[in-house]
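The values are calculated or read from the model by the stated rules, or taken from the named source; none is laboratory data. Bear in mind that the values here come from a model prediction, so they are computed numbers and not experimental data. So basically every Cβ, Gly included, is an ideal-geometry build from the backbone, and we count neighbours across all protein chains shown. Just so you know, the surface numbers come from the protein's heavy atoms only, side chains and all, with ligands and any DNA or RNA stripped out. Shrake-Rupley method; radii C 1.70, N 1.55, O 1.52, S 1.80 Å.
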Amino acid sequence: MSDHYIAPRDVRLSEVRAAIDHVDAELAVLLERRAALSGAVQRLKPVGGFAGRDPERERQVVEAMAHRAPRLGPDRLARIMNVVIEAGLEVAEEERGARAR
Ligand SMILES: C=C(O[C@@H]1C=C(C(=O)O)C=C[C@H]1O)C(=O)O
C-alpha cells in the first residue's frame, strides 16, 4: 500500500464532512438572521431582552420545530433552542447597550 492510498471509507468520511460543513455554513447564516429578527422583536416589545422572555412563545417555537425535526425530538430541540434564544437575547442586550452609549 502506498502512502497515498485513500481508503474508500476515508473518501466517504471527507464527503460527509464536506456535507456537514455546507449545512453548518447555512446554519450560521440562519442563526445570524434569527438573532437579527429576535433583536427586532426585542425593540418592539414593551419589555425586551431577558426581562421580557416569553416561555409560552418559546414552547410554541420548539413544538413547531419538533414536527420538522422528529429525529431530534422536543426535549433535545428545547435544549438547542434555549441556547439559540439566549444567544439572540444576549446580542440584543449588547446592541441596546451600545445604542444607549
Ligand atoms: C423573540 C421574542 O422574544 C424572546 C425570544 C424568543 C425567540 O428567540 O424565539 C421567543 C420568545 C421570547 O423569549 C418573542 O417574544 O417573540
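Here are some notes:
- Residue with peak Gaussian network fluctuation, the chain [Cα springs, cutoff 10 Å], from 13, 30, 89: 13
- Full-extension gain in nm, residue 24 to residue 45, via 0.36 nm per residue minus C-alpha separation: 4.5 nm
- When the solvent-accessible area of the chain is split by element, carbon and sulfur atoms take up 58 percent of it, the probe being 1.4 Å.
- Using heavy atoms of the protein chains and a probe of 1.4 Å, the accessible area assigned to residue 22 is about 120 Å².
- Sum of side-chain charges, residue 72 neighbourhood, beta-carbon under 15 Å (Lys, Arg +1; Asp, Glu -1): +2
- Estimated vicinal HN-Hα couplings, Hz - region 6-22 in sequence order (Karplus 6.51, -1.76, 1.60; Gly, Pro = x): 10, 5, x, 4, 5, 4, 4, 4, 5, 5, 5, 5, 5, 5, 5, 4, 5
- CD proxy at 222 nm, helix term only [per DSSP H run n ≥ 4: -39500 (n - 2.57); per residue of the chain; nearest 500]: -28000 deg cm²/dmol
- Taking the C-alpha atoms only, the angle from helix 55-68 to the longest principal axis of the chain is near 30 degrees.
- Between residue 4 and residue 31, the C-beta separation translates, for a Förster distance of 41 Å, into a calculated FRET efficiency of about 0.60.
- Overall dimensions of the chain as given by Cα atoms, namely Rg and Dmax in Å: 19.4, 69
- Rolling a 1.4 Å probe over the protein chains gives residue 75 an accessible area of about 120 Å².
- Seen from residue 88, the other residues with C-beta closer than 14 Å to its C-beta sum to a net charge of -1, counting Lys and Arg as +1 and Asp and Glu as -1.
- Sequence-distant contacts, meaning Cα pairs under 8 Å at least 6 residues apart, place the relative contact order of the chain at 33 percent.
- With protein chains left intact and a 1.4 Å probe, residues in region 8-100 average 78 Å² of accessible area per residue.
- Using alpha-carbon coordinates, inclination of helix 73-100 to the longest axis of the chain, degrees: 60 degrees
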